[in-house]
Amino acid sequence: MSMGMDGTIDRKRLIFPALGELYDAIAPYSYAIIRFCAGVIVMPHGYMKLFGPMAAPVAQNVIAPLGFPAPLAWAYFLGLLEFFGGAALALGFLTRPLALMFTVQFALITYWHGGNGYFFSSPRGGWEYPAVLLIVYAAIFFRGAGHCSIDRMLGKEF
């Protein structure tokens with residue numbers, strides 16, 4: 001899709017030109033929507049580690065085999081990152097440090113699922129879904145908070 005110099009969409013190139021107005025209205029918020037979804041999508045995982053039954057199994061079955069010391073402490077740290085960090089990322093607060101932490105986390109998750117095949121629907125979960133989130137979090141790290149964010153409202157960003 002071609003955009004003009006002013007950021008508007010070239011309606012002559014659209015198959016359905018009538019959608020150009022909708023695209024123009026939503027386009028300025030598209031990055032904020034992606035960042036919001038990237039933050040919100042990990043929050044249930046953090047909730048289950050902090051307030052549900054998942055901290056101990058994650059510590060025992062995921063973190064300990066990777067050789068990390070104090071796996072239960074790491075599981076709770078990940079719960080904090082996923083729940084509270086996910087909410088902050090969704091709102092664009094401390095965007096780059098959180099995106100970097102999620103990038104590292106999803107690099108490890110992708111590695112951990114690497115031997116399970118590509119498809120995440122495989123019995124032990126493949127690496128396709130973690131790899132997509134790894135790329136999204138890395139892109140958010142490099143792009144920063146964007147226009148619709150608390151970081152921008154504060155006027156400071158890492």
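Just to be sure I follow: if Rg is taken over the C-alpha atoms of region 83-146 and Rh is the Kirkwood radius over the same atoms, what is Rg/Rh?
For region 83-146, the value is 1.05.
Keeping all protein chains in place and using 1.4 angstrom, which order do F119, F36 fall into by accessible surface area, from largest down?
From most accessible down to least: F119, F36.
Quick check on region 13-158: what are the equivalent-ellipsoid semi-axes from the Cα gyration tensor, as sqrt(5λ), descending, whole Å? Mind dumping the intermediate values first?
Numbers: eigenvalues 195, 78, 31 Å².
Output for region 13-158: semi-axes of 31, 20, 13 Å.
If you rank K12, K49, K156 by how much accessible surface each has, with a 1.4 Å probe, what is the order from largest down?
Ranked from most to least accessible, the order is K12, K156, K49.
Any number yet on Rg/Rh for region 40-118, C-alpha, Kirkwood?
0.98
Just need the relative contact order of region 23-147 here, percent rounded to a whole number, with Cα pairs under 8 Å and 6+ apart.
Value for region 23-147: 26 percent.
Tell me which DSSP H helices of the chain clear both cut-offs, 20 Å or more of axial length from alpha-carbon atoms and a mean Kyte-Doolittle hydropathy of at least 0.5. Please list the in-between numbers first.
On the way: long enough: 95-113 (26 Å, 0.74); 128-143 (23 Å, 1.49).
Passing helices, by number: 95-113, 128-143.
With Kirkwood's inverse mean 1/r over C-alpha pairs for Rh, give me the Rg to Rh ratio of region 9-82, two decimals please.
Over the Cα atoms of region 9-82, Rg/Rh equals 1.37.
Over the heavy atoms of V62, what accessible area does a 1.4 Å probe trace out, to the nearest 10 Å²?
40 Å²
Once label points are set 7 Å from the Cα along Cα→Cβ at both F119 and Y47, what is their separation, rounded to one decimal in nm?
For the pair F119/Y47, the computed spacing is 2.9 nm.
Would you list H147, H113, H45 from the most to the least accessible area, probe 1.4 Å?
H147, H45, H113
For the chain, which whole-number percentage of the solvent-accessible area (1.4 Å probe, protein heavy atoms only) is attributable to carbon and sulfur atoms?
73 percent
Calculated FRET efficiency, V104 and H147, Cβ-Cβ r, R0 25 Å, to nearest 0.05?
The formula returns an efficiency of 0.45 here.
Note down the nm distance, to one decimal, between modelled labels 7 Å out along Cα→Cβ at F77 and at A18.
About 5.5 nm separates the two model spin labels.
The values are calculated or read from the model by the stated rules, or taken from the named source; none is laboratory data. Everything numeric in this text was worked out from a predicted model, so none of it was measured. Here the Cβ is made from the backbone with ideal geometry for all residues, glycine too, and neighbour counts use every protein chain on show. For accessibility, only protein heavy atoms count, side chains too; no ligands or nucleic acids. Shrake-Rupley method; radii C 1.70, N 1.55, O 1.52, S 1.80 Å.
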